[in-house]
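J.: Below you'll find the structure I mean.
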Ligand code: ATP
């Protein structure tokens, strides 16, 4: 136990606000514990290229409030092959790295799973993705910030929608997960929310919009998650327009602005807690675990369990609330 002397930390997959705060927490906890820390640039690609940097407490000064990731991120195809992972292992060994903290989404977790089955370097994983689509944590890093960014956009679009009496379709991120759409939709007072997890027929939507018009709403906002089965906000808007040609319909795709920006206080604290816990548990001999938040407690979930389970994070209550609040 506690034979680890040099912890490698990296970010991988899509960037998310809070990744920097998490790197900071990993570095400072490791330093506090008297360990060396090595930053690995560009995720798994950096293990293959040997782009390592020794870090100390000052390397992570003034980053807690910054979006993106100072260690950069990348998608690395070679790491998917046994030969690629063998090369990564050789490079990590040569650098003296004997423990890893991975921050990323399910692809990152899968890479860590393969690697830690094949090689003797302990790994802890931290969920960093705006989609909130990972099992083992109520919240992933970046999700709260992204939701707040979407709410800000909805509020602004609402101003113009209300002034012109328009119907807006706002497309938000979430290929498989409707967490951002549902929560931002409720917080932004959306009249309808279309989610990947729950198919909304266009007829059903039209019916709902007709009722909204009947109730003399001055503006209507429909949130469409990018993974909605009707093919995205443009498609939905086109099909609705065919029915209501008198409606002044507009589409706004929020896109990548949802990924950036300064992390919310929630994400900064969560990142600090997760980074701290990952290092503490790694040093206590744990490996192949993901760190998560349940209620207000930090928990560990075996990596295999996290990868083999899907969590339905949209409660029926939330779905009903979204409908009731739109009447
Ligand atoms: P996001 O949720 O933001 O997309 P992610 O971590 O799921 O983040 P991916 O691009 O899917 O992002 O995965 C990140 C990296 O993890 C990949 O580029 C690859 O290097 C590694 N990875 C993914 N799947 C595997 C796999 N099956 N075997 C080995 N490595 C993998």
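J.: Per q in 0.21, 0.28 Å⁻¹, report the Debye log10 I(q)/I(0) for the stretch 18-63, using one uniform scatterer on each alpha carbon and no solvent.
T.: For the stretch 18-63, the Cα-only Debye profile gives -0.70, -1.03.
J.: How large is the translational diffusion coefficient of the stretch 143-258 in µm² per second when you combine the Kirkwood radius over alpha carbon pairs with Stokes-Einstein at 4 °C and 1.567 mPa s? Present the calculation step by step, with values, prior to reporting the outcome.
T.: Numbers: Rh = 13.8 Å.
Reported coefficient: 94 µm²/s.
J.: Explain nothing, just the number: relative contact order of the stretch 143-258, from Cα pairs under 8 Å at least 6 residues apart, as a whole percent.
T.: On the way: 210 pairs, mean separation 44.5, N = 116.
Once divided by the residue count of the stretch 143-258, the mean separation gives 38 percent.
J.: Would you compute, for the Cα atoms of the chain, the largest minus smallest coordinate along each principal axis and list the three values in descending order, in whole Å?
T.: On the principal axes, the chain reaches 69, 37, 32 Å in Cα extent.
J.: Please report 79, 312, 114 as a ranked list, fewest other C-beta atoms within 10 angstrom at the top and most at the bottom.
T.: Taking fewest neighbouring Cβ atoms as first place, the list is 312, 114, 79.
J.: Can I ask one more? Which order do 250, 215 fall in if you start with the one that has the fewest other Cβ atoms within 10 Å?
T.: 215, 250
J.: Could you work out the relative contact order of the stretch 1-159, using alpha carbon pairs under 8 angstrom and six or more residues apart, expressed as a whole percent? Please report the intermediate quantities before stating the final value.
T.: Working: 302 pairs, mean separation 43.4, N = 159.
This gives 27 percent for the stretch 1-159.
J.: Next up: For residue 93 paired with residue 78, estimate the spin-label separation in nm (one decimal), with each label point 7 Å from Cα along the Cα-to-Cβ line.
T.: Once both label points are built, they end up 1.8 nm from each other.
J.: Hey, another quick one. For the chain, what does the helix formula give at 222 nm: sum of -39500 (n - 2.57) over DSSP H segments with n ≥ 4, over the residue count, nearest 500 deg cm²/dmol?
T.: Taken over the chain, the calculation gives -13000 deg cm²/dmol.
J.: Determine, for 19, 173, the number of other Cβ atoms within 10 Å of each Cβ, and report the residues in order from fewest to most.
T.: 173, 19
J.: How big is the stretch 3-128 in terms of Cα radius of gyration and Dmax, in angstroms?
T.: Final numbers for Rg and Dmax: 13.1, 38 Å.
J.: Further question on the same structure: Counting pairs of alpha carbon atoms under 8 Å apart in space and at least six apart in sequence, what relative contact order in percent does the chain give?
T.: 24
J.: Where is the GNM fluctuation largest for the chain (alpha-carbon springs, 10 angstrom cutoff): 25, 192, 237?
T.: Ranking 25, 192, 237 by mean-square fluctuation puts 237 first.
J.: Multiplying the sequence separation of residue 6 and residue 204 by 0.36 nm and subtracting their Cα-Cα distance, what value in nm do you get?
T.: Extra length available between residue 6 and residue 204 comes to 65.6 nm.
J.: Debye sum, Cα scatterers, the stretch 175-327, no solvent: what log₁₀ I/I(0) at q = 0.12, 0.14, 0.15, 0.19 1/Å?
T.: -0.66, -0.83, -0.90, -1.22
Throughout, read-outs are computed from the coordinates displayed, never taken from laboratory work. Computed from a predicted structure; not experimentally measured. Here the Cβ is made from the backbone with ideal geometry for all residues, glycine too, and neighbour counts use every protein chain on show.
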